[in-house]
Each structure stands twice: as structure tokens, then as C-alpha cells.
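The values are calculated or read from the model by the stated rules, or taken from the named source; none is laboratory data. Source: prediction; values computed, not measured. Glycine also receives a Cβ, built like all others from the backbone with ideal geometry; neighbour counts cover every protein chain displayed. Remember, those area values only see protein heavy atoms, side chains included, never the ligands or the DNA or RNA. Shrake-Rupley method; radii C 1.70, N 1.55, O 1.52, S 1.80 Å.
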Amino acid sequence: MTQMMTPSSEAELAQIVGDAKGPLTIQGGGTRGMAVDGDVLSTAGLSGIELYEPGALTIVVKAGTPVAEVDAALAKERQRLAFEPIDHRGLLGTKGTPTMGSLVAANISGPRRIQAGAARDFALGVRFVDGQGEIIKNGGRVMKNVTGYDLVKLMSGSHGTLGVLSEVSLKVLPMPETEATLMVHGLDNDSAVQAMAAALGSPYDVTGAAHIPGGDAGVTMIRVEGFEASVAYRIEQLRTALARFGTEMSVSEDSNAAWQDVRDVTAFHGATGDVWRVSVKPSAGPDIVKSSGAEAALFDWAGGLVWLCTEPGTDLRARLGPIAGHATLVRGSGQARFHPEDAGVATLSQGLRQRFDPRGILNAGLMGS
Amino acid sequence: MEMPVPSKTVIARKSRVVERLMEVLPADRVIHDPMETRAYECDALTAYRCPPMAAVLPETTREVSDVLRICHQEGVPVVPRGSGTSLAGGALPTADCVILGVARMNDVLETNYPDRYVRVQTGRTNLSVTGAVEEDGFFYAPDPSSQLACAIAGNIAMNSGGAHCLKYGVTTNNLMGVTMVKMDGSVVTIGGAHLDAGGLDLLGLICGSEGQLGVVTEATLRILHKPEGARPVLVGFDDNEVAGACVSDIIKAGVLPVAIEFMDRLCIETTENFAKAGYPDCNALLIIEVEGSEAEIDDQLSRIVEIAKRHDPVEIRESKSAEESAKIWLGRKSAFGAIGQISDYMCLDGTIPVSSLPMVLRRIGELSEQFGLQVGNVFHAGDGNMHPLILFDANKEGDLELCEDMGAEILKLCVDAGGCLTGEHGVGIEKRDLMGYQYAPADLEAQMAVKDVFDPQWLLNAAKVFPLASSQERRADAIAAE
Ligand SMILES: Cc1cc2nc3c(=O)[nH]c(=O)nc-3n(C[C@H](O)[C@H](O)[C@H](O)COP(=O)(O)OP(=O)(O)OC[C@H]3O[C@@H](n4cnc5c(N)ncnc54)[C@H](O)[C@@H]3O)c2cc1C
């Protein structure tokens, strides 16, 4: 019988981990469907905004705080989480509430990653409980910090395998006055990636570049954000700069909604099949789609992030062969979720897991071996 | 500053080690004559010096691997070195160490504009990375003031920042991949031209690890297209604290400048005498820079000026041309040099929440009076990264110690205010013994566990970052293993 534990303080969390006799599956909002074997350890009881200083662009929250609560608090001050985290619920058909701790633990970033950075770039500090039940802090709540090793980065994307986050501090940014998206119609994948490279290789500070394939109905989206006049100016400049790629261009009527669809991969919500997320250099994106044989594809990050929907059970990694990047299985089963690491890197990762969780009880088997 | 006692056994082995190193490197790139090793006796923290046992200058990853394998087998400590501009003593040798300098490794290996990255050998200087791509309109964003001299190797090891990091981030936010040689000579490649790690974020861990986890030989760096233009506005104030409050208001207002720099009276007057930038006569000034087209710049500057006007400025000087911009930046850029002309100084690097700027500036003023040492403040105000410069006289008995004591008080103040000991210069030896003020023993233990994984014998730059007492057992193991 597995049981569910919901500590209401960091001390209690440490006690539970320290006393654990078997494996624990760490749960934030449970929206990712990443559960492994073992008793469920939920961070739901560790919730609340501890400090928010709009003038310092920083927020400190307990790990189980719902993302929605933070979004609302930030919106009141016209600020936001600039890494644009994806909401996985539609894609995975899960319920629950995404939590702040999971955003960091899984380094969840969306379209703006190419310009603003990933969750790991906005994480300023963490508190966590390691596999022995020891409470550890690293980083802090200031924007620049090189005091000792950066365990904040190590914890970002460690998916609960090195420790259970109890608190995270994040840098936030002002919301822009407005945004607009230039839509270039009818480009094939290769020209779309070239067009996105041209947009990002311009001085216009593009904050999103995605391509939804579809022959003549395909659309390539270029986003800019800022003050009204500046956005209008940049859209016109980009229109001129991209004229050589396609004559048919328009400006999106609802830029915000269009990017929410890219962020949450709405195009795959209804479709059956496994969902993969492949990170490569942008110019390699079109070839990934070709060799994947996938039924549906979506390019984000100017081509560097390829979302693929494949037949259930497809060994995508075997199809792609060796790639300079990584493929993560986001929906589906039968394959390892994370990309196998090179021997040298795997030895280091394993060594770190061994040191932070010597008993191998935290989300055991989720990453590496 | 205490350093570990050098190992007699290792020093006794010098000739054999040198001989073996000469088997893998040409003789002129193995420096062992005590007259010549002196060139490596310190970095920019010149108060501390110690010539190494030997220094080597490899040119390829392969050579770095050969050197490390030999040192590993012989139990010889290694201190990696870029350009030696560390202000924290990060590249300070021990008498029993081999300095591994990457200065000869400065090639550009690949330039890719469509995917916006360059791959370089890490001995290349920061400025010459931008130099390699600027004709095509691109640049590498992190811009430490030492950028003419410092190497990408040191930037990665210290996770260096610069004036424009407010918008573009520091080194770790612009580093995409590295080739690194571990102490045992094995080579690992981490990251690359793609974004984010497929597994654990080892790249994020290596950046800022002060040369303790491996020797980084190659780096993939994100490059960006240059903005259409950039111009600053200079705002003078009667009062430090008011200037601090103005910074907070600008940030809250949603205008995000690329840089907000602060200078106090001592720095203003000293640089004025030195560089004659024509700064106003005032107690504090801010230099705020924005980017974009001419019209975009005008618009943003006018928003900033409007906010500044609410804080009783004594002068507002909006740059209208490249010439005026250069003049505004001239003083800020010469600040360290100017202070260096009038006095010895120690440059601190504590970082605080921007909201605490007024309080911390006031407390620093009080400490200055209490210790009887002058302090100048010149720093990156937008992200709270302070640089108090404590003036002292190196020739006066006890003055360095007094200065260090005062420095420690200021850094503790930064920690108490919710900040940290160092925002961009690193811990090195300088802040090593204060680590216990910011971190509990368990926090330090977790960091040292990371080093155990990468360098189990603790041979790489082991006397840095961690208080000697807390790393004692691990380093003792290194010697016992000989
Ligand atoms: C006048 C002046 C202004 C400065 N301004 C700034 C500033 O604005 N912002 C800022 O952040 N810093 C600044 N610094 C500090 C310094 O320039 C930076 O820390 C810089 O990154 C050091 O680079 P370096 O190549 O000189 O490294 P070094 O001093 O040679 O070494 C620094 C550290 O890096 C390690 N290291 C060197 N090479 C390697 C390698 N290949 N692999 C692994 N580890 C390695 C060393 O062991 C050492 O711990 C300034 C310094 C001076 C003197």
C-alpha cells in the first residue's frame, strides 16, 4: 500500500525524507504524470508567497505555491514570469494545479526562452531537502550571486532526483505595454527556419519565433513586445526584413492567444500518439522532422525546439540516430523519458545523484540510472 | 590570508614532474625556472603572491588532458589560469602547484550566425570574442570592465558579469556548452549549440565553480545581433539614498534599461581629476543606458527622465550623440583606474536587494568613519551588485588588515540585508573565510560533495572557495593519497 504524505513545514518534510524506509515519489501539482513507484510525498502543504518586492524584481515562494497564485500577484504589479512556462494539463490530459517548485524542478520554459532565458536562468535561490533529510540552501534572492557553487542550476531540471525543493526565489520582469506577432504564411519548414533565423539575427529583439507546418496553410510567427510605438515600428522593420521569404504576411489579431497555443502545444491536445520534445540547434530542426517520420510537428525556439507527435511506442531516438541535442518523451510510455547521456556525463550525473541521495529514494529511476 | 602548507613530497618530486611534462609539451611551454615562474605568482589580488612550482601553457585540449593526467598520477595540485585578472585570488598559486595557463588557446573554432553562436578556445579574451563577430553586426553580451584582458576561461570559472548584464544576463545565461578536462585527464563535452540540458544541468554547475571541477578548454557562446543604437542619460543627485530610491522606481516603472550604474562623490571627484569627463559637482550620479532605434531611445529616455525628476536631481544630461555618450561613459569606465592612481584599494563585490540600496549605502558610510578608511562606491545599481572600494596604504603597517576587517564588515552587512558576499568576482581566497557567514555547514557540505564527484582527490584549485577548516579533511586525503 502506498501512502500520501503532505508535510506542512520544511522541518516536517525533512523529517519524512530522513525517516523514509522506501522510495518516494515527489509530487507538486501532479500535472506532469511523472509518478514513479513509492509513497507519494506532496509539496501541496508548503504553499504561499513569502516575499514579493516589485522594485527589486524578485519573489520568494514556498515550493507548493500554485503558479496561478503567483501569476495573479505579479499581474497586480504588471510583472510576470518571463520564461513563459507551459501548462501541461491540456497536452497530458491531467488535472491538478501546477506549482512553482515544479517549474524549477523541471526547468519548464516556453517560447520566450530564446530571448529571456529558461526557468533555470530566473531561479535565484533554492531551499531543499536532500535524500538524507538534510535541509540545504543555495543562492539567495539577489540578481547576481557567485558565492560558491551554483546548486540552484543543478536543482533546476533535476526533477526531484537530488532533493525535494521547499522554497524557490525567482527573478521576475515587467510586463510589456503591448505585444504583436507578424505572421508569415505558406513557408515550408526550411524557409521558415531561415526566416526565423533572419528575424532573430536582426536588432529587433524578437521574443518568440515559431512555425506551424501546414503547406499553404502553414504559418511562421514572429513576436515582439514593448511600448506601443516601438512594437509597431519593429513589426514594420521585420516585415521588410522578411519580405524575401514570402509575400503573404499579416499581423495576428490575438497575439497573446496565438502564443498560448504554441506554449501549450494545443495542436497536439486531441491527437493520439506519443509526444516528444527535441532540443537541437535551430537549423537542424527541419531534418529532425524529416527523419522522425512523425505525423505532426511544431517548431518553437526558431526551430531549435521541435515538438513531435509519433505513433505510440515509436523509438524516436533510434529513428533520429545520434543527434547534437536531446529528445525527451513528454507523453507516452515504453521509452526512457530522458535522453541517454554520453558515458562521461552519465558518470558525473550518477555520481551527483549518489552524493545527494545515497539511498536512491527520491524519484528513483526517473532520470538516468 | 592563510594558505595550506605546501606538500614537501610534491616539491621534492619537481624535477621528475617537469621532465614528464616536457614529454608532452615543447620545453618552452613548461616554465620551471624560479625566475620565470614569478610571472605567475599572483592575479589581480596583488596583496597575495606565491610563485608556483611550475607553469605550463598547452595549446590544445589534448595537451591539457596530457598535463592533467600526469599531475593526477604524481599527486600534484593544479591551479587553472586564464588571464590572471581575478580580483579574488582565484588564480593564486600554491608553492607545490602547477599553473595551467590557457592563454595560448585563443582560436575561434566555429562561427554560426543562423544559429547565433560561436565556439572558441577559452584562452580567448572576452573582447576578442565580440571582435570576431562584430563586423557582421553581432556581439557577445557579458562585458566585464576587464574585458580587454580577461579570458573566457576566467569568465566561465567566475560566472562574470558586466554593466550590460541587467538586460543580457551574466556568463551563465550566455554559455551554451563546454569541453572540459577533468583532473584525471578525461575529457567531457557538456551542452552544445542546443538549449538546455537533457539531464542534470552540469553546465550550470560548472559555470562559477572557480576552476575546481575541471579545466574548461572550449566554449560555445551565445551571440546576439547588436541593437540599432544605445544612449545613456546621466542624472546627478545631492544624496546617495535618493539616487538609490530612483533606481528602484525606474525598475518598478517597467522601463528596463540595459545598464544602471552608480557613482558616489569620492568616485566622481577622483575620476573627474583623472579623466575629465565633465561630470557635474554632486554627491551621487546614475548612468542609465537604453537601446533601440533613435525614436525608441528618445521615448525610453524621456520616461526615465520623468521618473528622475521626481527625485530632485541636481542635473540631467541626456546624450544626443555618440560623442556625448562616450563622454558620459568615460568617467565610469576610468573609475577603478582613477582610484588606483590616488591610493591602494580593495574592491568588494557584495550584492544586495535593490530595495536595500539606501540603507546599505548609509551603513557603509558609518563603517568608513568607524574604521577611518575612505570608501568610494561605483557599481551596477540595477541589479544591486555593489563595488565599495576601500582605500588603504599598503606601505602602512596594519592598514591592509584594517581594510580587510572593514571589508568583512561590509560583506556581512550585504548578507544581513538579504544579499550575498559576491555578485560577480567570485570567492577565491578573498571571501573564502566568510563563506560560513552566508552558508550553514550543511550548505557547504553539499557544495563540497560536488567537488568530490568531479575531483575526488581535491587536487584542482583546492585551497579556494571553502574555508580551509571545512575542506581540511578532504585536502588531507589528497596529501595522504600521495
Ligand atoms: C580592472 C578590473 C575590472 C574588473 N571588472 C570586472 C567586471 O566588471 N565584472 C566581473 O565579473 N569581473 C571583473 N573583474 C574580475 C575578473 O576580470 C574576472 O573575474 C575574470 O573573469 C577573470 O578572468 P581571467 O581570465 O583573468 O581569469 P583568472 O584570473 O586567470 O582566473 C580566474 C579563475 O578562473 C579559473 N580558471 C582560469 N582558467 C580556467 C580554465 N580554463 N578552466 C577552469 N577554470 C579556470 C582560475 O583558477 C581562477 O579561479 C575585473 C578585474 C579587474 C582587474
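Residue B:347 meets the conditions (1) buried (at least 22 other Cβ atoms within 10 Å of the Cβ); (2) in the same structural domain as residue B:396 (by TED's automatic domain parsing); (3) within 21 Å of residue B:47 (Cβ to Cβ) in every case but one. The failed one is (1).
Only a single criterion out of (1) within 16 Å of the ligand (Cβ to nearest atom); (2) at the interface with another protein chain (Cβ under 9 Å from one of its Cβ atoms) is not satisfied by residue B:415, namely (1).
Check B:306, B:261, B:315, B:269 and return the single one that is outside the structural domain of residue B:382 (by TED's automatic domain parsing), touching a helix residue (DSSP H, G or I) at 6+ places or on another chain (Cβ under 9 Å) and either free of Cβ contacts under 8 Å to residues at least 12 places away in the same chain or closer than 26 Å to residue B:341 by Cβ (or both). When all the criteria are applied, what remains is B:261. When residue B:48 is tested against (1) open to solvent by less than 30 Å² (accessible area, probe 1.4 Å); (2) within 15 Å of the ligand (Cβ to nearest atom), only condition (1) is not met.
The single condition among (1) more than 26 Å from residue A:300 (Cα to Cα); (2) within 11 Å of chain A (Cβ to nearest Cβ); (3) away from the ligand (no atom under 11 Å from the Cβ) that residue B:180 does not meet is (3).
What number goes with the only condition from (1) more than 19 Å from residue B:98 (Cα to Cα); (2) open to solvent by 20 Å² or more (accessible area, probe 1.4 Å); (3) within 11 Å of another protein chain (Cβ to nearest Cβ) that residue B:435 does not pass? So the condition that residue B:435 fails would be (2).
Kindly evaluate residue A:113 against the criterion of being within 8 Å of chain B (Cβ to nearest Cβ), in contact (Cβ under 8 Å) with a residue 60 or more places away in the chain, under 25 Å from residue A:33 (Cβ atoms) and under 16 Å from the mean Cα position of the chain (by Cα).
Numbers: within 8 Å of chain B (Cβ to nearest Cβ): yes; in contact (Cβ under 8 Å) with a residue 60 or more places away in the chain: yes; under 25 Å from residue A:33 (Cβ atoms): yes; under 16 Å from the mean Cα position of the chain (by Cα): yes.
Considered against the rule, which asks whether it is within 8 Å of chain B (Cβ to nearest Cβ), in contact (Cβ under 8 Å) with a residue 60 or more places away in the chain, under 25 Å from residue A:33 (Cβ atoms) and under 16 Å from the mean Cα position of the chain (by Cα), residue A:113 comes out as yes.
Would you check if there is a residue in the range B:410-417 being open to solvent by 10 Å² or more (accessible area, probe 1.4 Å) and over 25 Å from residue A:53 (Cβ atoms)? No, the range B:410-417 contains no residue that is open to solvent by 10 Å² or more (accessible area, probe 1.4 Å) and over 25 Å from residue A:53 (Cβ atoms).
Report yes if some residue within the range B:380-398 is surrounded by 19 or more Cβ atoms within 10 Å (Cβ to Cβ) and more than 21 Å from the chain's Cα centre (by Cα); otherwise report no.
Residues of the range B:380-398 that are surrounded by 19 or more Cβ atoms within 10 Å (Cβ to Cβ), as a first pass: B:380-392.
Filter again for more than 21 Å from the chain's Cα centre (by Cα), leaving B:392.
Yes: one or more hits.
For the range B:422-450, which residues satisfy the criterion of being charged (D, E, K, R) and within 20 Å of residue B:171 (Cβ to Cβ)? Walk me through it before giving the result.
As a first pass, look at the range B:422-450 and keep what is charged (D, E, K, R): B:424, B:430-433, B:443, B:445.
The answer is B:424, B:430, B:431.
Considering only residues that are touching a residue at least 12 places away in the same chain (Cβ under 8 Å) and within 14 Å of chain B (Cβ to nearest Cβ), which ones fall in the range A:308-331? Across the range A:308-331, the qualifying residues are A:316, A:317, A:320, A:323, A:324, A:325, A:326, A:327, A:328, A:329, A:330. Is at least one residue of the range B:120-132 away from the ligand (no atom under 11 Å from the Cβ), closer than 28 Å to residue B:72 by Cα and touching a residue at least 40 places away in the same chain (Cβ under 8 Å)? Yes, there is a match, as at least one residue in the range B:120-132 is away from the ligand (no atom under 11 Å from the Cβ), closer than 28 Å to residue B:72 by Cα and touching a residue at least 40 places away in the same chain (Cβ under 8 Å).
One residue stands out among those in the range B:209-227 that are more than 10 Å from the ligand (Cβ to nearest atom) and touching a helix residue (DSSP H, G or I) at 6+ places or on another chain (Cβ under 8 Å): the one that is farthest from the other protein chains (Cβ to nearest Cβ), which is B:221. For the range B:268-293, the set of residues classified as farther than 21 Å from residue B:308 by Cα, open to solvent by less than 10 Å² (accessible area, probe 1.4 Å) and outside any loop (DSSP other than H, G, I, E, B) consists of B:271 only. Selection of first residues in the range B:425-445 that are farther than 19 Å from residue B:3 by Cβ and of second residues that are within 16 Å of the ligand (Cβ to nearest atom) and among the polar types (S, T, N, Q), restricted to Cβ pairs under 6 Å at least 6 apart or on distinct chains, gives the following pairs, ordered by first then second residue: B:438/A:147.
Evaluate the following for residue B:173: is it touching a Gly at 6+ places or on another chain (Cβ under 8 Å), closer than 28 Å to residue B:45 by Cα and away from the ligand (no atom under 12 Å from the Cβ)? Answer is yes for this residue.
Does any residue of the range B:71-83 turn out to be without any contact (Cβ under 8 Å) to a residue 40 or more places away in the chain and within 15 Å of the ligand (Cβ to nearest atom)? Scanning the range B:71-83 turns up no residue that is without any contact (Cβ under 8 Å) to a residue 40 or more places away in the chain and within 15 Å of the ligand (Cβ to nearest atom).
Considering each residue of the range A:159-179 in turn, none proves to be outside any strand (DSSP E or B), free of Cβ contacts under 8 Å to residues at least 60 places away in the same chain, small (Gly, Ala, Ser) and within 14 Å of chain B (Cβ to nearest Cβ). Taking (1) within 13 Å of the ligand (Cβ to nearest atom); (2) small (Gly, Ala, Ser); (3) in contact (Cβ under 8 Å) with a residue 60 or more places away in the chain in turn, residue B:244 satisfies each apart from (1). In the range B:138-152, is there at least one residue being within 17 Å of residue A:153 (Cβ to Cβ) and either touching a residue at least 60 places away in the same chain (Cβ under 8 Å) or more than 15 Å from the ligand (Cβ to nearest atom) (or both)? The answer is no; no qualifying residue exists.
Yes/no matrix, rows are residues, columns are (1) assigned to a helix (DSSP H, G or I); (2) within 14 Å of another protein chain (Cβ to nearest Cβ); (3) at pLDDT 95 or above:
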position: A:240; (1), (2), (3): yes, yes, yes
position: A:253; (1), (2), (3): no, no, no
position: A:256; (1), (2), (3): yes, no, yes
position: A:262; (1), (2), (3): yes, no, yes
position: A:286; (1), (2), (3): yes, yes, yes
position: A:290; (1), (2), (3): yes, no, yes
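Each residue in the range B:468-477 was checked for being free of Cβ contacts under 8 Å to residues at least 60 places away in the same chain and within 12 Å of residue B:4 (Cβ to Cβ), and 5 of them qualify. With respect to the conditions (1) open to solvent by 50 Å² or more (accessible area, probe 1.4 Å); (2) within 8 Å of the ligand (Cβ to nearest atom), residue B:104 falls short on a single one, namely (2). Here is the figure for the range A:43-68: residues that are under 11 Å from residue B:355 (Cα atoms) and under 21 Å from the mean Cα position of the chain (by Cα) total 2.
So which of B:41, B:63, B:59 ends up being open to solvent by 50 Å² or more (accessible area, probe 1.4 Å) and either in contact (Cβ under 8 Å) with a residue 24 or more places away in the chain or more than 15 Å from the ligand (Cβ to nearest atom) (or both)?
Details: B:41 fails: open to solvent by 50 Å² or more (accessible area, probe 1.4 Å); B:63 fails: open to solvent by 50 Å² or more (accessible area, probe 1.4 Å).
So the residue among B:41, B:63, B:59 that is open to solvent by 50 Å² or more (accessible area, probe 1.4 Å) and either in contact (Cβ under 8 Å) with a residue 24 or more places away in the chain or more than 15 Å from the ligand (Cβ to nearest atom) (or both) is B:59.
Within the range B:158-170, the set of residues being at the interface with chain A (Cβ under 10 Å from one of its Cβ atoms), near the ligand (Cβ under 8 Å from one of its atoms) and among the hydrophobic types (A, V, I, L, M, F, W, C) comprises B:158, B:170. Of the residues making up the range B:325-355, those that are within 17 Å of residue B:257 (Cβ to Cβ), away from chain A (no Cβ under 14 Å) and away from the ligand (no atom under 16 Å from the Cβ) are B:325, B:328.
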